[in-house]
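**Student:** Have a look at this one before I ask anything.
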Amino acid sequence: MALGKVVHWGIDLVLVSTALAGIRRSTGWRFNSESISDSKSVQEYTDKYLFIGEKAINYAAWQMKAFPKYFTKD
């Protein structure tokens, strides 16, 4: 039961990070990691977390490009 919750939370965190990456790419607005804490390590971990969303967006775009039969680009 506990493993299921950990997996659920992990997926939720990746989805939030991916949504923030999509917002950054489409609007130019980005999350300011300096607003969370003055600690450099917290800022670094926040940036690493947000980078996971960037990687997820890149992977999704790569998959869409690999299957042009199902996806078209405007």
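The values are calculated or read from the model by the stated rules, or taken from the named source; none is laboratory data. This is a predicted model, so every value here is computed, not measured. Every residue, glycine among them, receives a Cβ derived from its backbone with ideal geometry; neighbour counts consider all protein chains shown. Side chains included, ligands, DNA and RNA excluded: accessible areas come from the protein's heavy atoms. Shrake-Rupley method; radii C 1.70, N 1.55, O 1.52, S 1.80 Å.
**Student:** Accessible area of the chain with a 1.4 Å probe: how many percent of it is carbon plus sulfur?
**Tutor:** 66 percent
**Student:** Ok, one more. Quick one: Karplus J couplings for the stretch 27-40, per residue in order, coefficients 6.51, -1.76, 1.60, θ = phi - 60°, nearest Hz, x for Gly and Pro?
**Tutor:** With the stated coefficients, the stretch 27-40 comes to 10, x, 6, 10, 6, 8, 5, 6, 6, 6, 7, 7, 6, 5 Hz.
**Student:** Label residue 74 and residue 36 with points 7 Å out from Cα along Cα→Cβ: what is the distance between them in nm?
**Tutor:** Spacing of the two 7 Å Cα→Cβ label points: 3.2 nm.
**Student:** Here's another thing I want to ask about it. Using the Karplus equation 6.51 cos²θ - 1.76 cosθ + 1.60 (θ = phi - 60°), what ³J(HN,Hα) coupling, rounded to whole Hz, does each residue of the stretch 56-73 give in order, writing x for Gly and Pro?
**Tutor:** Each residue of the stretch 56-73 in turn: 5, 5, 4, 5, 5, 5, 5, 5, 5, 5, 6, 10, x, 5, 9, 10, 10, 10 Hz.
**Student:** Can I ask one more? Determine the gain in length on full extension of the stretch residue 9-residue 44; use 0.36 nm per residue of separation and subtract their C-alpha separation, reporting nm with one decimal.
**Tutor:** Between residue 9 and residue 44, full extension yields an extra 10.5 nm.
**Student:** Where in the stretch 4-74 are there trypsin sites (Lys or Arg not before Pro) that are in a DSSP coil and have at most 16 other Cβ atoms within 10 angstrom of their Cβ?
**Tutor:** Here the sparse-neighbourhood loop sites are 30, 69, 73.
**Student:** Let me know the number of lysine pairs in the chain closer than 24 Å at the Cα, not counting same-chain pairs under 8 apart.
**Tutor:** For the chain, the number of qualifying lysine pairs is 8.
**Student:** If you consider only alpha-carbon coordinates, what radius of gyration and Dmax does the chain have, in Å?
**Tutor:** Just the Cα atoms of the chain yield Rg and Dmax of 15.2, 48 Å.
**Student:** Let me ask something else. Hey, what's the chain come to in accessible area per residue, 1.4 Å probe, Å²?
**Tutor:** 87 Å²
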